[in-house]
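One structure is given here, and the rest of the page talks about it.
The values are calculated or read from the model by the stated rules, or taken from the named source; none is laboratory data. Fair warning: this is a prediction, and the values are worked out from it, not measured in the lab. Note that each Cβ is placed from the backbone with ideal geometry, even for glycine, and that neighbours are counted across all protein chains shown. When the accessible area is computed, the model is the full protein with side chains, heavy atoms only, and any ligands, DNA or RNA have been set aside. Shrake-Rupley method; radii C 1.70, N 1.55, O 1.52, S 1.80 Å.
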Amino acid sequence: MPRQARSKVGILGIPFSKGQPKGGAEMGPEILRRAGLVSRIKRFDYQVVDHGDIEIESIPGDKPDGNVKNPRSVGRANKKISDKVASIVKSKELCLNLGGDHSIAIGSIHGHCRAEPGLVVVWVDAHADINTPLSSPSGNMHGMPLSLLVKELADRFSPVEGFDWCKPCIHVRDIVYIGLRDVDEGERWIIDQFGIPAYSMQEIDKMGIKEVMHHALKNLDPNGTRPIHLSFDVDGLDPTITPSTGTPVLGGLNIREGQYIMEELANTGRLSAIDIVEVNPLLGSEKDNMVTAETTISVIEKCFGSKRGGYYPASYVFPSL
Ligand SMILES: NC(=[NH2+])NCCC[C@H](N)C(=O)O
Ligand SMILES: [Mn+2]
Ligand SMILES: [Mn+2]
């Protein structure tokens, strides 16, 4: 059975929520850690390095740049994220980023690209998060991360305040979407215009998750050699199983589809960075928080070789007489 190429996991907490208006997403790393994420990953054949939480500077009086809200705060935080993720990936750790809202993917993909320029992006989400500052209906940067990273959209909007450090590093065709069900007009136009492979919930219903994963991975990287960046928004899952999140959308992935996606990605042996974003413990009840954290961890651990059919580590010794 193929194993992960990387034998170390570097965990990075990113307590940042200025990419959207609701407070609480900055508490994502804390709730996932408290629910036992680190020890759950340690059960597998990985050496776990916990890099703690990145320190976020607050930028007072951060005025919108046109339609874009909190541009300097998002820009400053993401520059830091990029530096940190680049160094973690360069030291051969599988970089696990705990968000934070989805705007943190700007820095994490940018930093990952610095270490692994040939990467591909698997974006699991109810949303496409590829609005440009001009197409965004909300001005929230968690709905824009991909537009700042792709080369093909660079001439469609003016540089954003706070992002002079961020040069686009991927092509639109390096992305595949899974789980879409709330896509803005401009985003759909981009997907069609550039032919981004996009498996919405409709394709998942039609083809089943097995076929979707097969085609998604083939489409993205026919030879199966490129490093994978998984950006996993917990709102890709159905809100009944991840209720504590800022922009829930009905009709999402069920727990088994979520687990299967992760198992298939782990089987490639090519995962080199993962974002887990949009867990917001200030939304919903205490029970909702627990359900969200438990669901999220049960899905994340599949990236590290946890098997539903059971598992033992390489060091396991069967008890005998
Ligand atoms: N990462 C997220 N949850 N994104 C939600 C984005 C919602 C909407 N498409 C927007 O641009 O504002
Ligand atoms: Mn989303
Ligand atoms: Mn998202």
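How tilted is helix 105-115 with respect to the longest principal axis of the chain? Cα atoms for both, answer in degrees (0 to 90, nearest 10). Tilt relative to the chain: about 70 degrees. Positive-end ranking of Thr295, Ser315, Phe16 along the dipole of the chain, with charges on Cβ about the Cα centre, is headed by Ser315.
Spin-label model, Ala154 to Tyr316: label points 7 Å out along the Cα-to-beta-carbon direction sit 4.9 nm apart. When the P(r) of the chain is calculated, the portion above 31 Å amounts to 23% of the C-alpha pairs. Taking all Cα pairs closer than 8 Å and separated by 6 or more residues, the relative contact order of region 1-85 comes to 34 percent.
Across the chain, the relative contact order, built from alpha-carbon pairs under 8 Å that are at least six residues apart, equals 23 percent. Averaged over residues, the count of other Cβ atoms within 10 Å places the peptides 103-114, 206-217, 16-27 in the sequence 103-114, 16-27, 206-217, highest first. For region 39-187, the residue among Met144, Gly179, Ile54 whose Cα projects farthest onto the positive side of the dipole built from Cβ charges is Ile54.
Axis angle, to the nearest 10 degrees, between helix 255-268 and the longest C-alpha principal axis of the chain: 80 degrees.
Each peptide in 63-69, 271-277, 175-181 gets a packing score, the mean of other Cβ atoms within 10 Å over its residues, and the list from highest to lowest is 271-277, 175-181, 63-69.
Cα centroids of region 6-45 and region 208-253: 18 Å apart.
Averaged over its residues, the chain has an accessible area of 42 Å² per residue, based on protein heavy atoms and a 1.4 Å probe.
The long axis of helix 185-194 is offset from the longest Cα principal axis of the chain by roughly 70 degrees.
Give the cross-link partners of Lys90 among the lysines, using a straight C-alpha distance below 18 Å as the criterion and excluding same-chain residues fewer than 8 apart. In chain and number order, the partners are Lys8, Lys79, Lys80.
Rolling a 1.4 Å probe over the protein heavy atoms of the chain, with every protein chain left in place, gives an accessible area that is 53 percent carbon and sulfur.
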